[in-house]
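S.K.: Could you have a look at this structure, given as structure tokens, before my questions?
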């Protein structure tokens with residue numbers, strides 16, 4: 001599936017605007033943003049030889065059980081796995097887009113709970129964020145497609161055709177147990193906003209999480225985003 005196909009329903013809404021077009025497009029865009037990052041993360045995990053199709057239900061349950069596994073957590077999980085961090089996948093626009101997409105998830109939570117957003121967002125503001133999310137998904141998908149043959153727009157539980165995928169990762173999982181602790185470490189540290197070191201393997205190894213960068217409480221507008 002391509003980016004245009006992924007955002008097709010949003011384009012339909014944009015072409016038939018109503019009073020709720022801004023909120024509708026924004027809500028769908030945030031769902032797509034988070035789903036792409038989760039899929040890239042789970043796709044990366046599924047490449048390890050210890051996992052086969054029979055493990056898909058168990059892996060799904062592990063993700064469901066991690067109720068604090070959010071967008072930022074999947075980013076740090078990707079950064080821990082791959083030599084190339086998400087910031088490099090996004091490229092030069094990362095510094096502008098990252099605060100916007102992180103803030104979007106906070107806005108989403110407030111909107112879904114019927115709360116007011118801090119900046120009293122109007123339709124134009126929401127559609128601006130939708131544009132930023134589309135740009136993020138495009139840049140990330142194009143880069144990961146080139147890097148390991150997957151853009152995050154289709155099912156993540158399939159094996160890569162490139163046999164050198166796993167040896168290139170910084171972490172090598174040998175069992176489901178190590179993945180479970182890894183997931184817990186990712187979601188726990190990010191939600192606590194701490195730099196920490198937690199055990200994640202069956203052996204005596206450690207994984208160091210990065211400093212958590214809290215979402216900024218404003219949007220930086222960029223000429224590149226229109």
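S.K.: Please arrange 120, 61 by how many other C-beta atoms lie within 10 Å of their C-beta, fewest to most.
M.R.: 120, 61
S.K.: Follow-up. Taking 45 Å as R0, compute the FRET efficiency from the Cβ-Cβ separation of residue 123 and residue 172 and round it to 0.05.
M.R.: 0.40
S.K.: Mind checking the full-extension length gain between residue 13 and residue 154? Use 0.36 nm per residue of separation minus the Cα-Cα distance, one decimal, nm.
M.R.: 48.6 nm
S.K.: When a footprinting reagent is the concern and you count Cβ atoms within 10 Å, what order do 102, 137 take, fewest first?
M.R.: Ranked by crowding around the Cβ, least crowded first: 102, 137.
S.K.: Sorting 146, 82 on the 10 Å Cβ count, fewest up front, what's the list?
M.R.: Going from least to most buried by this count: 146, 82.
S.K.: What spacing in nm lies between the two simple spin-label points modelled at residue 4 and residue 142, each 7 Å away from Cα in the Cβ direction?
M.R.: The answer from the label model is 1.4 nm.
All of the numbers you see were taken from the coordinates with simple rules; none came from a lab. Because the structure is a prediction, the values reported are computed rather than measured. Cβ sites come from the backbone with ideal geometry, for glycine too, and all protein chains shown count toward neighbours.
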